[in-house]
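Just so it is clear, none of the values below were taken in a lab; they were calculated from the coordinates. Keep in mind the model is a prediction, meaning the values are calculated, not measured. Reconstructed Cβ throughout: ideal geometry from the backbone, glycine too, with neighbour counts over all protein chains shown.
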Amino acid sequence: MIHSIFSKESFLRWVILGFAVFLTLEIIYFRYSQAQTSFTPTYLQTLTEADQLYLDGNVEAAEQLYRQVKQPFPEESNSVDDEIITDPEQLSGANGVYWREAQRGWERKLEGATLVPLRLLVEKQPNFLPAHTLLIKALREFGQEEEVLPTIETAVSQFPESPDLTRLQAEALADDNQYLEASIAARQFAIVYPNHPDAPEFAELADDYFGRFRRDLETELIAAGIINVVVGGGDQAIQLAPLLLQGESGMGMRLASAELANRRVVNDPDIQEYVNSIGQPLAELMGRNDFEYEFFVIEDSSLNAFAYPGGKIFINTGSLMAIDSEAEFAGLLGHEIAHSVLSHGFQKVVQANLLASLGQTIPLGNLLNLAVLENSRRKEQQSDIVGTRAIATAGYAADGLHTFMTKLRDRGRSSTPEYLSSHPVPEDRVRYLQELIQQNGYNRYSFEGIERHALVKQRLQDLGVS
Ligand SMILES: [Zn+2]
C-alpha cells in the first residue's frame with residue numbers, strides 16, 4: 001500500500017490516514033439515545049393517505065393530516081450563549097476595558113498593546129465578533145503569519161455567516177498561495193448563503209481564485225516537465241498534479257470509476273429511475289451546474305452513503321431499506337450532494353497533499369479513502385443547511401433528513417454496527433436540524449412519499465439485494 005517513493009513525512013501521513021480510513025467513511029449515524037421514533041403501520045398508513053391528498057392537489061387537507069400524526073418539534077430554545085455581539089456597549093466591564101485598550105494599541109500600531117488584550121477578549125468573550133476580526137488583522141499587520149490561518153479557522157467556524165471573516169479567510173489563504181483553498185472558502189459562502197447580498201461577489205471571487213490556482217499549477221507543471229504526463233499511473237496509482245488540474249469533475253470521474261470497480265452496482269432501471277428522479281432535481285437547486293451528477297446504488301446492506309467530488313454519489317441498499325419515504329431519501333441525498341457541491345471531498349484531497357511534490361504518485365486507494373473521510377462538524381452543518389434547503393424548495397417534507405437521523409439514532413440504541421463505534425458524530429445533530437427547520441420556517445408538513453419508496457424496497461427484496 002505504501003510506495004517506496006514516499007518521503008518519511010509522506011509515509012507517516014499515509015500510515016495515519018490508513019488507520020483513519022476504515023474508521024471514518026462518511027457515515028451518518030447516532031448512538032446516543034432519546035425517545036424512540038414510531039413508524040407503526042398506522043402512522044405510515046396515515047402518511048400514505050396524506051400523500052394521496054397532496055398528489056391530488058389537496059395540499060391543505062394533506063397538511064392537516066401530516067400534522068395529525070407527526071409529533072410537533074419541541075419549542076425552539078433561545079440559546080443566548082451563541083448570540084453574536086457586535087456592539088462594544090454590550091461588553092461587560094473588564095471585557096470593555098480590553099476592547100478599548102486593544103483599539104488604542106491598534107491605533108498606535110503597538111504589537112503587544114494590541115494583541116495581548118485582544119487575545120484575552122477573544123478567550124473571555126468568544127461571541128464578540130469584532131475582536132476576532134481585529135485580532136486577525138493585527139496578526140497579519142504584525143507579521144504573525146503562522147497564527148493567522150488557525151485564528152481565522154476558529155473564528156469562521158464560530159461565525160460562519162460573517163462575510164467579513166470569510167473575506168479575510170480567502171485573502172489570507174491567497175496570501176499564502178493557497179488559491180484553491182481560497183476559492184473553495186469563497187464558493188462555500190456563496191452556496192450556503194445564496195440570498196446574502198455579498199453572495200454574487202463571493203461566487204466571482206471563487207472563480208478568480210480558481211483561475212489563479214490553475215494558472216499557477218500549470219506553470220509549475222511545465223517548469224517541472226510533467227505537463228504531458230497522462231493522468232493516472234495504471235490501476236493502482238494516480239499522479240496527483242494532473243488530477244488536480246482536471247478539477248473536481250475530472251477527479252470525481254476518476255475516483256468514482258475506481259470505486260465502482262470494487263462494488264456491485266444495482267443495475268435495475270426502476271431503481272435507477274427512482275434515485276435519479278429525486279437526486280437530479282435536488283442537484284439542480286444547489287448551484288453547481290458544472291458537475292455531471294451521477295447516483296449509484298451499491299449492493300451493500302450496511303447503512304452508508306457517501307459523495308465523491310464532482311457530483312458522484314453512492315448509496316448503499318442498506319440505507320434505502322432503512323428509509324421509509326421519498327422525503328427521507330431526499331434528505332439523505334441532499335446532504336450527500338451538498339458535500340460534493342461544497343467541495344468537501346476535493347478539499348480534503350487537496351489539503352492532505354499540499355506538501356506532496358507535484359510529480360508524486362499516490363496509491364489510488366488512499367485517494368478514494370481521503371475523499372470520503374469524515375467531515376468536520378462545520379462541514380456537516382454546511383451540508384445539512386444546503387441539503388435541507390434544497391428538499392424544502394423541492395416541496396418534500398423539510399424534515400426528511402431529520403427523520404432519517406432520528407431513526408438512526410434510535411436504532412443505535414440496540415445495536416452498534418462495527419464501523420460506527422469510532423465515528424465522531426456531533427451529538428446534537430438531530431436538535432440542530434430541528435432548529436434549522438424552525439428558524440427558516442421550512443414546511444415539515446409537506447409531501448412524504450411513502451408508497452413509492454415502499455415499492456422500491458419491495459423491488460430490492462425481489463431482486464434479492466436488500
Ligand atoms: Zn455528511
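Could you name the aspartates and glutamates in cross-link range of residue 457, using Cα to Cα under 17 Å and dropping any fewer than eight places away on the same chain? Straight-distance partners of residue 457: 268, 270, 273, 299, 300, 324, 326, 328, 448.
Please state the relative contact order of the range 81-224 as a whole percent: Cα pairs under 8 Å, 6+ residues apart? With pairs under 8 Å counted, the relative contact order is 14 percent. At an R0 of 30 angstrom, the distance between the Cβ atoms of residue 204 and residue 268 translates into a FRET efficiency of 0.10. When only the Cβ of Lys, Arg, Asp and Glu is charged (+1, +1, -1, -1), the dipole of the range 81-224 relative to its Cα centre reaches about 380 debye.
Shape class for the range 243-292, computed from the alpha carbon gyration tensor (a ≥ b ≥ c): oblate, with a/c not under 1.5 and a/b at or below b/c.
Can you tell me which aspartates and glutamates have their Cα less than 17 Å from the Cα of residue 124? Leave out same-chain residues fewer than eight positions away. Filter leaves 81, 82, 83, 87, 89, 101.
A simple spin-label model places the labels of residue 451 and residue 45 1.6 nm from each other, with each point 7 Å out along Cα-to-Cβ. Under 1.5 on a/c is rounded, so check that first for the range 91-174, then, if it is not, pick prolate when a/b is larger than b/c and oblate when it is not; a ≥ b ≥ c are the square roots of the alpha carbon gyration tensor eigenvalues. It comes out oblate by the Cα gyration axes. Which shape class applies to the range 246-330: rounded if a/c is under 1.5, otherwise prolate when a/b exceeds b/c and oblate if not, where a ≥ b ≥ c are the square roots of the Cα gyration tensor eigenvalues? Verdict is oblate for the range 246-330.
Placing a label point 7 Å from the Cα of residue 85 along the Cα-to-Cβ direction, the residues of the range 118-140 with a backbone N closer than 19 Å are 118-136.
For the cross-link pairs 312/348; 109/137; 70/379; 137/379, which exceed 22 Å when the distance is taken from alpha carbon to alpha carbon? Please list the in-between numbers first.
Values: 312/348 16 Å; 109/137 11 Å; 70/379 29 Å; 137/379 25 Å.
Too far apart for the 22 Å limit: 70/379; 137/379.
For the range 139-196, the dipole from Cβ point charges (+1 on Lys and Arg, -1 on Asp and Glu) about the Cα centre works out to 320 debye, to the nearest 20. With the simple spin-label model, which puts each label point 7 Å out from Cα in the Cβ direction, the residue 277 to residue 52 separation comes to 1.8 nm. Dimensions of the range 81-224 from C-alpha coordinates, computed as largest minus smallest value along each principal axis and given longest first, are 57, 35, 21 Å. Dipole orientation for the range 81-224: of the candidates 219, 154, 125, 125 has the Cα lying most toward the positive pole (charges on Cβ; Lys, Arg +1; Asp, Glu -1).
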